[in-house]
Number of protein chains: 2
Amino acid sequence: MKRLRPPSLDHAFAALADPTRRAILSRLTRGEATVMQLAQPFSMTQPAISRHLKVLEHAGLIVRRAEGTKRHCRLAQHGIAAVDQWLSTLRAALETNYNRLDQVLAAMPAEPPKHIERNKQR
Amino acid sequence: MKRLRPPSLDHAFAALADPTRRAILSRLTRGEATVMQLAQPFSMTQPAISRHLKVLEHAGLIVRRAEGTKRHCRLAQHGIAAVDQWLSTLRAALETNYNRLDQVLAAMPAEPPKHIERNKQR
DNA sequence: CTTGACAATAACAAATCAGTTATATAACAT
DNA sequence: ATGTTATATAACTGATTTGTTATTGTCAAG
């Protein structure tokens, strides 16, 4: 029951937040791999990896292909596309804001704050 | 300066995994806003928003500017750049794998599985 | 049909998270 | 000084996450 519902950004970003899962994805950029092959580099039990893969699949970041008792995993575009698309909005805004920064800086000396906050940093 | 250590991908992706925080970022694409301005659209208390902002700042996704008792927040490029850079690897791999897919599909009928997995979907 | 390899699931513990209310701090206004 | 506004912090709670071990299901080989 693959159901293939729209992988929420919640799930996609949450999946990417874990270093083990990102390492698994990095490994998969070098091609398909079975669960055992993916588990081998990690000092972690197989069930742990299985659950990481479940999270990745659920996030639309990987897909699995069954072959005998083995499950071959590979990258999926679905989740990454969703993430990418959402980020593009931020990217665009950052560029725009960066362009606007000149104006902001130009406008600031005209209205100096009455108290400069005590500098606690460093 | 802000100490500006490399915002870990863990923190950046984890910050992006929350819908409230993404909504805050979306709001910030329309320009700077104070904490109260950011809190207003949400049915959530101010301390909750404050902590979300802390997470976003820690992830390098926003920066804050003090002005009186107000804190003006705006998008930061730091965290987004980190995320973007990491994702570019995946993007590249996906394209490569997609190109390879033809070969994979061409190679598959040559070695038909002895048992086709029972189709449970739909 | 039994065995062994591959993978998924269940049950559990420790850690983390996202929200709450209550309180503290800091600047501004009176 | 006092009150008000804007924000941060503390302490707590319930839900979620990440790992573990033990078990189960499936297939392929003999």
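Count Lys and Arg as plus one, Asp and Glu as minus one, and take only other residues whose Cβ is under 12 Å from that of A:THR34; the net charge is then +4. In terms of other Cβ atoms within 10 Å, B:ARG65, A:ARG21 run from fewest to most in the order B:ARG65, A:ARG21. Each residue of the range A:1-96 gets 105 Å³ once the volume of the Cα convex hull is shared out per residue.
As a proxy for reagent exposure, ranking A:PHE42, B:PHE13 by other Cβ atoms within 10 Å from fewest up yields A:PHE42, B:PHE13.
Every number here is computed from the coordinates shown, using simple stated rules; none is lab data. Since the structure is predicted, the reported quantities are computational estimates derived from the model, not experimental observations. Cβ: placed from backbone, ideal geometry, glycine included. Neighbour counts: every protein chain shown.
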